[in-house]
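Trainee: I am attaching a structure below and will ask some questions about it afterwards.
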Amino acid sequence: MHLGVSESMRECEYSQISTRSSTPMETPYKKRTPKKKKWESFPGRNKFYCDGRIMMARQTGVFYLTLVLILVTCGLFFTFDCPYLALQLTPAIPVIGGVLFVFVLGTLLRTSFSDPGVLPRATPDEAADLERQIDVANGSSGYRPPPRTKEVVINGQTVKLKYCFTCKIFRPPRASHCSLCDNCVERFDHHCPWVGNCVGRRNYRFFYMFILSLSFLTIFIFAFVITHVILRSHESGFLNALKDSPASVLEVVVCFFSVWSIVGLSGFHTYLISSNQTTNEDIKGSWSSKRGKDNYNPYSHGNIFTNCCAALCGPLPPSLLDRRGFVESDVPQLAPPTNGITMYGATQSQQSHMAAATPLLQQQSSEPVILTASPDDGGSLPGRTALALGGPCTSLPLGQPTPPTSTPSLSCHEATDMLPIHGHNHPHNHSHPLQDPGAHHHFLTPEEAPSPPGMLPCGSPLGHSHTMQAGFYNPASQDSLHEDSVRGLVKLSSV
Amino acid sequence: MSPDIQLEHSASLANKVFIQRDYSEGTTCKFQTKFPSELESRIERTLFEDTVKTLNNYYAEAEKIGGQSYLEGCLACATAYLIFLCMETRYEKVLKKIAKYIQEQNEKIYAPRGLLITDPIERGMRVVSFECAWLCVYACKSISMGEKDGGRREEVSKQE
């Protein structure tokens, strides 16, 4: 049985090796998608249009509603009210209205279509490096405590940086993970369903300009539609006035309800800008003096004017996502993302060395050989996990009895540990009850944001983590694998 | 035995060192200037610190809030941000300077020592990574470990 298992393993490996030299596993992969653009394989839940130029959230229904409301109201205004007003009062009215309308539309589209400041996910190397650092910090114990935080002192205030299990990075200060878009966003303000996108560092000024100009436009239309109705009713009575311009009623109703929410929102964001806070921070009360006497906002520049200028006129950083670049397969430097082909290569070469020296060991699969070769480095074990998870020849159970070191338990624990943590962390962060997005449209922080059905950690933990793990661990183990295979040679030859 | 020892020596080169961000001054882009122990034998401390400090200065210049950035911001707002269709932002200009600087540093200082710096923009501005320039050759060599000309390839890689 033992021999049979190893034989089948060997068979799998040899057959893979024989094909690997001409890399047919890679070539069909390349041929199938010859020039894939990065936006096509973007891991977040975003929609891309115009070949990656436009980036929006997945749920865009409310955005279209916003667009329709604005277009219809303004359309009615320009068609029914402006001719009368231009004649009776001044032609400046439609001109100003037109300018405001163009500005509103421009800023809305800019907010909705631009990258809010999404942080790209860590490459497998970086993630492995961070994991190694965390292992060192924890003393390389088998148990890994779930919450990973780093404390940083910013301008005298201690700030906790949280580790994002999805993106595998320590989030920079003020960044937050949006559960709707499944991205970490820099200077995350909130996810706005009305603009169909997150509001973050790169589009906050456009968002603010949008709500500010929309407030002006709403007040403008409201005021002049009422003026129009009043002027008409002076001429021919109130009811006749309403009969003559029925559209005015609709406009007044829309504007009346919009004014309260939009003007209120503009006021709120003006306050946020002047104190250099995000909606997220304000709602959590991160810098509120109620938390402590010495609690202050470390990001504030001191005075309102500087804060406003910094937020609105500060430099606009470019997108960190190279959406329209081509996906490169890192063949020369790293293992290609094809579930451990080169690892098989390493194991095969391992085996060829072993075959000469230790025929007994050859009976076991190559995996435990690598495990024994790694005394304290957990790097190769995730590779074994990846093999177990992602490799086609998963005839070996995870709990292989042969390796004497304690690290196999780490790998098993790791594989299963990732999933509960993954599943644990997100519900913990986003467990607040769903708020009606229509009512409090702009107060959706990541905590309050509606959990999409089959939210990522719950919906596809296996699929997601599986690919993440396979991709995550593979090149990391590739580096340490070679190191360990070398050590293994030295060790085994001494046996 | 000797090929094993040679392999073990090469194995220690297969490393990537990541310099993380320094958030002590807020969210501005700044990298830690602490010299990592993995690079101790590879590069002089002063050269490393110079490179990182220059990069930090470049990023500070890009993110500086002053007269020029205000002007750019106001102009952009006045033109409904359409001006960015024809003009490059200051940040993008500085990023180009940074890319050029990194390339220069790689050519003059790091490549002769067998290292390569990757531009932080390619890593989402999270890290500056120092990679072993021999990594790609090492990977090819280790795959063909069982082959006869493994020893020869090793020598070739060391020459490179």
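The values are calculated or read from the model by the stated rules, or taken from the named source; none is laboratory data. Since the structure is predicted, the reported quantities are computational estimates derived from the model, not experimental observations. Cβ: placed from backbone, ideal geometry, glycine included. Neighbour counts: every protein chain shown.
Trainee: Could you please give the count of residues in the stretch B:23-52 that are touching a helix residue (DSSP H, G or I) at 6+ places or on another chain (Cβ under 8 Å) and in a loop (DSSP other than H, G, I, E, B)?
Mentor: Count: 8.
Trainee: Please verify whether residue B:82 is surrounded by 18 or more Cβ atoms within 10 Å (Cβ to Cβ) and farther than 18 Å from residue B:31 by Cα, treating the condition exactly as stated.
Mentor: In short, no.
Trainee: State the number of residues belonging to the stretch B:58-68 that are touching a helix residue (DSSP H, G or I) at 6+ places or on another chain (Cβ under 7 Å), of a type outside the set (S, T, N, Q) and part of a helix (DSSP H, G or I).
Mentor: Total satisfying the criteria: 3.
Trainee: Can you tell me how many residues in the stretch A:297-315 are aromatic (Phe, Trp, Tyr) and either in a loop (DSSP other than H, G, I, E, B) or at the interface with chain B (Cβ under 7 Å from one of its Cβ atoms) (or both)?
Mentor: 1
Trainee: Name, by its number, the condition in (1) in contact with a Phe, Trp or Tyr (Cβ under 8 Å, 6 or more places away or on another chain); (2) over 16 Å from residue A:107 (Cβ atoms); (3) not in a loop (DSSP other than H, G, I, E, B) that does not hold for residue A:217.
Mentor: So residue A:217 meets the others, but not (2).
Trainee: Do the conditions hold for residue B:98, that is, is it touching a helix residue (DSSP H, G or I) at 6+ places or on another chain (Cβ under 7 Å) and among the aliphatic types (A, V, I, L, M)?
Mentor: yes
Trainee: For residue B:22, are the conditions met, namely being within 14 Å of chain A (Cβ to nearest Cβ), surrounded by fewer than 17 Cβ atoms within 10 Å (Cβ to Cβ) and modelled with pLDDT under 85?
Mentor: Here the answer is no, as residue B:22 does not meet what is asked.
Trainee: Ok, one more. Checking residue A:233 against (1) within 14 Å of chain B (Cβ to nearest Cβ); (2) part of a helix (DSSP H, G or I), only one condition comes out false. Which one?
Mentor: Going through the list (1) within 14 Å of chain B (Cβ to nearest Cβ); (2) part of a helix (DSSP H, G or I), residue A:233 breaks only (1).
Trainee: Right, next: Report whether or not residue A:247 is small (Gly, Ala, Ser), touching a Phe, Trp or Tyr at 6+ places or on another chain (Cβ under 7 Å) and more than 14 Å from chain B (Cβ to nearest Cβ).
Mentor: So residue A:247 fits the description; yes.
Trainee: Looking at B:55, B:75, B:71, which is the one that is at pLDDT 80 or above, surrounded by fewer than 18 Cβ atoms within 10 Å (Cβ to Cβ), more than 9 Å from chain A (Cβ to nearest Cβ) and assigned to a helix (DSSP H, G or I)?
Mentor: Residue meeting the stated conditions: B:75.
Trainee: Same structure again: Would you check if residue B:43 is modelled with pLDDT of 80 or more, within 20 Å of residue A:205 (Cβ to Cβ) and more than 10 Å from chain A (Cβ to nearest Cβ)?
Mentor: Taking the combined requirement at face value, the residue does not satisfy it.
Trainee: Select from the stretch B:85-97 the residues that are assigned to a helix (DSSP H, G or I) and at the interface with chain A (Cβ under 8 Å from one of its Cβ atoms) and list them in ascending order.
Mentor: Passing the criteria: B:90, B:91, B:92, B:95.
Trainee: If you don't mind, there's one more thing I want to ask. Which of (1) at pLDDT 85 or above; (2) over 13 Å from residue B:17 (Cα atoms) is the odd one out, the single condition residue B:151 does not satisfy?
Mentor: Checking residue B:151 against (1) at pLDDT 85 or above; (2) over 13 Å from residue B:17 (Cα atoms), the one that fails is (1).
Trainee: Which pairs do you get when a residue that is surrounded by 16 or more Cβ atoms within 10 Å (Cβ to Cβ), found in the stretch A:41-61, comes within reach of a residue that is modelled with pLDDT under 85 and assigned to a strand (DSSP E or B), reach meaning Cβ atoms under 7 angstrom, with the pair 6+ apart or on two chains?
Mentor: Pairs found: A:52/A:37.
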